[in-house]
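The block underneath contains the structure these notes are about, expressed in structure tokens.
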Amino acid sequence: MDFLTDKDAEKYHKDGYLVLEGLLSPAECDELRLRMGEIVDRMDVPDHCRIQFSTNHDEQLKEQMQGNADYFITSGDKIRFFFEKGVFDDKGNFTVPKECSLNKIGHALHAYEPLFKSATHSPKIQGIAKKLGLKSPVILQSMYIFKQPGIGGEVTPHQDATFLHTEPLGRVMGVWIALEDATVDNGCLWFIPGSHNNGITRRMVRNTKDTYPLTDFVGREANHDDELFIPTPVKKGGVVLIHGEVVHKSEPNVSEKSRHVYTFHIMESQKTKWSPENWLQPTEELPFPALYTK
């Protein structure tokens, strides 16, 4: 029996997102979390790399924010660390335990970490892609998102195609796997159903080499009515499929529980042009790997 049914596929295409419970077992989730704990325990981040992550339009362009930092723009084929606001003092020292400081780790866990690679290429994931008609999907990037208790910041309304642009649009899908229960209190995703049919109004683009800032935005995010957003709690081990053009967000984590997630993006490469203006580019060291394995 297919993990993704015809009815599920119909709902995904209609709404632009889909929640499926039971992609991973609790034990598989714990194994991924344990491995990430080992990575964090061993991390040694140079001072100049201790940047803070933001999804705010203006903050992304400021010095030391993600969109402006070489550390971010060259992270597509590496495993790098991005931090929450307020976790460093003015000397760059941690003000919280380092395991509680991270916003996310990205963007090539799928390539270099065996457990994450296995989860990315799992038969269920490959079956989902095939059921949705993807002929030659490739993996663009992967991230581990922590959503720390009490300080896990909001992710403002956005569309993934703003950052991962293709021609034609609609060729990118996010796969968002809850490694812990994602609830309204700890920052689950919220979506505007059907908003993937309205195009995009903003793009993050690379500037020419050695131009400051390293990235910029073309256009602005549209104003979205808060009442249109629907919360999508998901149990540990569940997955949310996210169309590249659907508008979504998450609220701050106001609870005492973290919301760990492993997420990655895949793209149908057949008859698709990956924009050379995207911040993320395949490299000689890591071309975008095929999702389907022989």
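The values are calculated or read from the model by the stated rules, or taken from the named source; none is laboratory data. Predicted model only: the values in this text are computed from it and were never measured. Don't worry about glycine lacking a Cβ; one is built from the backbone with ideal geometry, like all the others, and counts go over all protein chains shown. Note: areas computed on protein heavy atoms with side chains; ligands, DNA, RNA excluded. Shrake-Rupley method; radii C 1.70, N 1.55, O 1.52, S 1.80 Å.
To the nearest 500 deg cm²/dmol, what mean residue ellipticity at 222 nm is calculated for the chain from DSSP H runs of n ≥ 4 alone, each contributing -39,500 (n - 2.57), summed and divided by the residues? Please report the intermediate quantities before stating the final value.
Working: 6 runs with 51 residues, N = 294.
Calculated mean residue ellipticity at 222 nm is -5000 deg cm²/dmol.
Quick one: if you stick a label point 7 Å off each Cα along the C-beta vector at E154 and L228, how many nm between them?
Label at E154, label at L228, 1.7 nm between them.
In the chain, what percent of the accessible surface is made up of carbon and sulfur (1.4 Å probe, ligands and nucleic acids excluded)?
Taking all protein chains in place, the chain shows 52 percent carbon and sulfur surface.
What does DSSP give for the chain in terms of the percent of beta bridges that are antiparallel, rounded to the nearest 5?
95 percent
Taking the alpha-carbon distance from K124 and a cut-off under 21 Å, which lysines remain once sequence neighbours fewer than 8 residues away in the same chain are dropped?
K124 reaches K7, K11, K135, K235, K236, K294.
Gain in length, D90 to T74, computed as 0.36 nm per residue apart minus the alpha-carbon separation, to one decimal in nm?
Numbers: separation 16, 0.36 × 16 = 5.76 nm, distance 2.54 nm.
Gain on stretching D90 to T74: 3.2 nm.
Pick from K135, K271, K257: which residue has the top mean-square fluctuation in a GNM of the chain where Cα pairs under 10 Å get a spring?
Most flexible of the set in this elastic network: K271.
Mind grabbing the accessible area of F81 for me, 1.4 Å probe, Å², rounded to tens?
30 Å²
So for the pair L115, M43, with labels modelled 7 Å out along Cα→Cβ, what separation do we get in nm?
According to this spin-label approximation, the distance is 1.6 nm.
Residue by residue through the stretch 17-33, which ³J(HN,Hα) values in whole Hz follow from phi under the Karplus form 6.51 cos²θ - 1.76 cosθ + 1.60 (θ = phi - 60°), with glycine and proline marked x?
7, 7, 9, 10, 7, x, 5, 10, 7, x, 5, 5, 4, 5, 5, 5, 5
Express the accessible area of the chain per residue in Å², computed with a 1.4 Å probe while the remaining protein chains stay in the model.
46 Å²
Within a Cβ distance under 15 Å of D77, other residues only, what is the Lys/Arg minus Asp/Glu net charge?
-1
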